[in-house]
1. Are any residues in the range A:95-110 touching a residue at least 12 places away in the same chain (Cβ under 8 Å) and within 13 Å of another protein chain (Cβ to nearest Cβ), and if so, which ones?
2. Let me confirm something: among C:S403, C:S363, C:S412, which residue is hydroxyl-bearing (S, T, Y) and surrounded by 15 or more Cβ atoms within 10 Å (Cβ to Cβ)?
3. Any idea which of A:L63, A:L37, A:L57 is touching a strand residue (DSSP E or B) at 6+ places or on another chain (Cβ under 7 Å), within 19 Å of A:W96 (Cβ to Cβ), of a type in the set (A, V, I, L, M, F, W, C) and crowded, with 21+ Cβ neighbours inside 10 Å?
4. Among the numbered criteria (1) touching a Ser or Thr at 6+ places or on another chain (Cβ under 9 Å); (2) within 10 Å of chain C (Cβ to nearest Cβ); (3) surrounded by fewer than 23 Cβ atoms within 10 Å (Cβ to Cβ), which single criterion is violated by B:L17?
5. Could you please give the count of residues in the range C:1-36 that are more than 13 Å from chain A (Cβ to nearest Cβ) and among the hydrophobic types (A, V, I, L, M, F, W, C)?
6. Looking at the range B:143-164, which of its residues are more than 14 Å from chain C (Cβ to nearest Cβ), hydrophobic (A, V, I, L, M, F, W, C) and either within 18 Å of B:P220 (Cα to Cα) or surrounded by fewer than 22 Cβ atoms within 10 Å (Cβ to Cβ) (or both)?
7. Among (1) out of contact with any strand residue (DSSP E or B) (no Cβ under 9 Å at 6 or more places or on another chain); (2) within 14 Å of chain B (Cβ to nearest Cβ), which single condition is C:A137 missing?
8. Mind checking whether some residue in the range B:63-83 is within 12 Å of another protein chain (Cβ to nearest Cβ) and not acidic (D, E)?
Amino acid sequence: MNWQIIGDSVRGASHKRNDKPNQDAWAFSQNDTCTVLAVADGHGSSKHTHSEIGAQLAVQAALDLLNDFAHADTGDNSRQIKQAADYLPSQLVQAWRLAVDVADNGETENAKDRYSLYGTTLLAVLISADYALYLQIGDGDLLVLTADGQTQSPLPKNTHLIANETYSLCEEKAVYHVELNLQFFDHIPQPALIFLATDGYANSFTDSSDFQQAVQDFQQQIATHGADKIQSCLADWLNETSEQGSGDDVTVAMVLPTVVENLVDVPLSEV
Amino acid sequence: MTDIIKRPGGAMANRPLHFFWLADCSGSMYGEKIEQLNYAIRNAIKPMQDVAADNPNAQVMVRAIKFSTGAQWHIAAATPVEEFKWDNLTANGVTDMGLALQLAAEQLDVSQMPERCLPPVLVLVSDGQPTDDFNAGLAALMSKPWGKKSVRIGIGIGSDVDLEVLQKFIGNPEVKPLQANNAEDLVKYIRWASTVVLQAASAPASQVKDQVSTGVVPIPQAPTASDIDADDVW
Amino acid sequence: MSTLLQSEQIIYGDLTQQSYTIDTFLGAGTQGEVYRAHANDKAVAIKWYFPHYIQNDQQLHQRLENAIRKGSPDNNFLWPLELVTQPNNAGFGYVMPLRAANFKSIVDLMRRRAEPSFYALISACLQLSESFLQLHAKGLCYRDINFNNVFFDPDTGDILICDNDNVDVNGATGAINGTPRFMAPELVRGDAPPNTESDLFSLSILLFYMLMLHHPLEGKKEASIRCFDQSAMNRLYGTEPLFIFDPQDSSNAPVVGLHDNALVYWALYPQFLRDVFTRAFTTGIKDQHGRIRENEWRVILINLRDSLFYCRCGGQNFYDADTVKNCWACNKALIYPPRLRINNTVVMLNHDTKLYAHHTDQSQKFNFSTPQAAVNRHPQDPNRWGLQNLSNNAWTITLPDNSVKIVDPQRSVNLAAGISINFGNITAEICV
């Protein structure tokens, strides 16, 4: 099956007012073996001064790592693949730290302080012919829409943290807070849509059912108007979301199967 | 030049350490319990041999007594631990624990023991109450100098065991009898007695502060019944 | 068998967030269990503590963190590299380098399962002294020197020191007091806590064990004890410690038939080694200040190694300037090879002797990295032996007739009596 990606990231309304950069980052990669998509949200508080770079490094680290994972010769059976996936949290944290070390170029001597400057969350998904792999550290939303229109969360929602606290790649024990789920398509059907968003997006909805509805609407709109059309409108929608909602940076990215039917030209409604 | 000749002399001087199993084979041990005990002792042979091999201070010699209606030698000859094998016990009869102690006492007589030794180790395993004169047996054991100097460990199987009797046998308030309520605990305790205690009696390991320090030799802490569960720690 | 960790289980490094996969159980001690594990393709060892031990040793975590931060004193320590933990488990352990298979325990040496040459054995003693010097120089105290914590390569004399989790700043209160037979008498009696000076006592015991295969305090007094229990040990090692070769008091002399190793080896070693052990276990037993420090051991052990030579029978003997001995192996009169007198020391010039910067350069004491000279044979005349210059500098030699010659690098000088060699800032004389 072929997969297509739609996504965009906008600088938050409050960030524009305070002259702060967009601290979110997102990216994807596609080849014959797999599709990988990642979204990161660099921490906003003043002690994480390079978090926009940290977020970019996290996204890149995830793409490289998951792409390598899909191409690695770990064996065919699901047990071997699962065992290999057990190493991903540690590999991810180490790859990100290494990238930060390079980016920091000796500026910050204390390692703990250094990683903190670049602190970020990360959401990522890898889709191959046989499985989907979901990975997350820190807040943000990752939802899967099934063929029959249900929404599911493949990763546990963390309930240990209150208010605006989040787990982060920059923590000392980051590896313990990396959530991972590997779903083989011979047991769990392929998703109709995978939706990744930084917390700025979900925070603009009053409750989670509204948010789930928005995800379903996205799929509907894409089916009706085509991916290109939605992609071209996405930035405007996200800007509106940020202005009316949290004022935070907002990033949304989706993976869905490529649809080849002819599309009807129906006026767009708000998502 | 000729080949280099080995350095002179022999292995480091050491002393024998006599290790006695005293196993309850009464009717109440019939079935699972006796099989669990057989399994636990067989399971402990290799670790016991390993500990002995790594201990240059001792030559470990093993014997075993079984008691039910009467007491008999199960392994009569003091057997070097490297050659120690365990033939399975069967259960039937009453619990003549006192006679077992008498039997051990005979062998711990000065006339029977080598001139120079490490403290002997006696491990008593039982699931019930003695049916004979336990006190007379204990008195006989304690009347021998080597009996008095011995390190004694008591392991109870199941909930019917008379822990008071085992405590009397141990004779050191700081060392408690171990109560094994399942096969896994029994394996753990038997292993502990045949490795950690064996080691302590000959070449005590690193001295940890606050460990049991009275008695013939310091006895390290026994494993707890569910040592692995992290929830027990904090 | 139930172990704390299972094979294929993953645990994580606190510092690097590295994942370590448990391979196999290697062994258990009183504090915890040791496993072989790997990270990527690199094999390591992991020690994982018993929950009850963590409870008893409250400073353990902090102590390990300090040790990890400070780093290993030298390459001979299997030093903790980082702490390892598991999600949802309060337990912890640490990662250390894996011991290679060519390393044997000192127990193997005591049981004669490892048979090093005298050269390798003395090299191992020397490395031990050097490593403990490095550790003590860092302000640290080992606290538990004993033969279960040291491993050595019987071929080379390379050593490894493990169980470094008791190491702490000298003077800190810790959980471990030492191992019986190795503890200093003041520790056995409970008069003092472990410190650098008690480490030095334990080191002397370990060196004596390694060189003599016997304990220096186990003589007549030990022989008279029937049951060797705790109170016997306290007396022998704590309240009435007496050296078996105490020159003033023979009441604890070795007993023939029971303590033969001590008798055999004591006679075999040169007087200067006997003297230093005598000081270690007479004045050094009572007075902490009288203990032999590592630097003195280094000098003594190098001299001891330099005094090794071969009897015609192949037996290795020690040159003793003070006495003439017969070979211990064949009991024939010993024939000395040529030797080099450097200041107050003598280096035997055997067929395989090499000299290092330690011997040839005043400013490079203890440098044994590259040979600077080697005994060799004349290429045309196998009966002529020489000393080849392997250094980069020419030597100046003075012959008995006071004539002076230059020995360029790679050239050799005849091993003939009365020749003196000037290596640069050291002059040595060949004796035959």
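The values are calculated or read from the model by the stated rules, or taken from the named source; none is laboratory data. Quantities reported herein were computed from a predicted structural model and do not represent experimental measurements. A quick note on method: Cβ atoms are made from the backbone with ideal geometry, for glycine too, and the neighbour counts reach across all protein chains shown.
1. Of the range A:95-110, the ones touching a residue at least 12 places away in the same chain (Cβ under 8 Å) are A:95-97, A:99-101, A:103-104.
Within the range A:95-110, A:A95, A:W96, A:R97, A:V100, A:D101 meet the criteria.
2. Working: C:S403 fails: surrounded by 15 or more Cβ atoms within 10 Å (Cβ to Cβ); C:S363 fails: surrounded by 15 or more Cβ atoms within 10 Å (Cβ to Cβ).
After ruling out the rest, the residue left standing is C:S412.
3. Values: A:L63 fails: crowded, with 21+ Cβ neighbours inside 10 Å; A:L57 fails: touching a strand residue (DSSP E or B) at 6+ places or on another chain (Cβ under 7 Å).
Exactly one of A:L63, A:L37, A:L57 is touching a strand residue (DSSP E or B) at 6+ places or on another chain (Cβ under 7 Å), within 19 Å of A:W96 (Cβ to Cβ), of a type in the set (A, V, I, L, M, F, W, C) and crowded, with 21+ Cβ neighbours inside 10 Å, namely A:L37.
4. Condition not satisfied by B:L17: (3).
5. 7
6. Taking the range B:143-164 first, the residues more than 14 Å from chain C (Cβ to nearest Cβ) are B:143, B:153-164.
If we keep only those that are hydrophobic (A, V, I, L, M, F, W, C) as well, we get B:153, B:155, B:157, B:161, B:163.
Within the range B:143-164, B:I153, B:I155, B:L163 qualify.
7. Evaluating C:A137 over (1) out of contact with any strand residue (DSSP E or B) (no Cβ under 9 Å at 6 or more places or on another chain); (2) within 14 Å of chain B (Cβ to nearest Cβ) leaves (2) as the failure.
8. Checked the range B:63-83: no residue is within 12 Å of another protein chain (Cβ to nearest Cβ) and not acidic (D, E).
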